[in-house]
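S.K.: Attaching a single structure in structure tokens format; questions to follow.
Any read-out appearing in this document is the output of simple, stated calculations on the displayed coordinates, not a laboratory observation. Values in this document were obtained by computation on a predicted structure and should not be read as measured data. Positions of Cβ are generated from backbone atoms using ideal geometry, with glycine treated the same way; all protein chains shown enter the neighbour counts.
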Amino acid sequence: MKKFAFILALSVAAYAESFTGYLVDAKCGKAHAKDAGKGCASKCISGGQAAKLVVGDDVHDIDDASQQKAKDYVAGNSAANLKVTIQGSKGEHGIKITSIAAAQ
């Protein structure tokens, strides 16, 4: 029974989810969770602030290992669109990003 529970726990932890929301910087957070805040959020994330994801009223951390993926996305999109869809999994330390793209 313990082996089954362990395998089930691993399966749930590895399950990929889809999150659609706004990339924001840790300093300003939800204040930039709209199109009007994308320039400031982009500047702050590119300047070293941690990226977070705002989905509705919820602010999600992005795990340390995935911060570079968020920063690379921001750098490559130059504040054009910080409304994104992230594929990944939510863990103890935030969302682990598998992929990130502009939201449709």
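S.K.: Along Cα→Cβ, 7 Å out, is where each label goes; now give me the distance between the ones at LYS83 and ALA31 in nm to one decimal.
M.R.: That separation, rounded to one decimal, is 2.2 nm.
S.K.: On to the next question. I want the local charge near SER89. Using Cβ-Cβ distances under 12 Å, sum +1 for each Lys or Arg and -1 for each Asp or Glu among the other residues.
M.R.: Working: positive: LYS90, LYS96; negative: GLU17, ASP63, GLU92.
With Lys, Arg at +1 and Asp, Glu at -1, the neighbours total -1.
S.K.: If you don't mind, there's one more thing I want to ask. Can you work out D for region 16-102 in µm² s⁻¹ from Stokes-Einstein, where Rh is the Kirkwood radius over C-alpha pairs, the temperature is 25 °C and the viscosity is 0.890 mPa s?
M.R.: 201 µm²/s
S.K.: Here is a follow-up. Could you pull out every one of the lysines with an alpha carbon less than 21 Å from that of LYS52, ignoring same-chain neighbours closer than 8 positions?
M.R.: LYS27, LYS30, LYS34, LYS38, LYS43, LYS69, LYS71, LYS83, LYS90, LYS96
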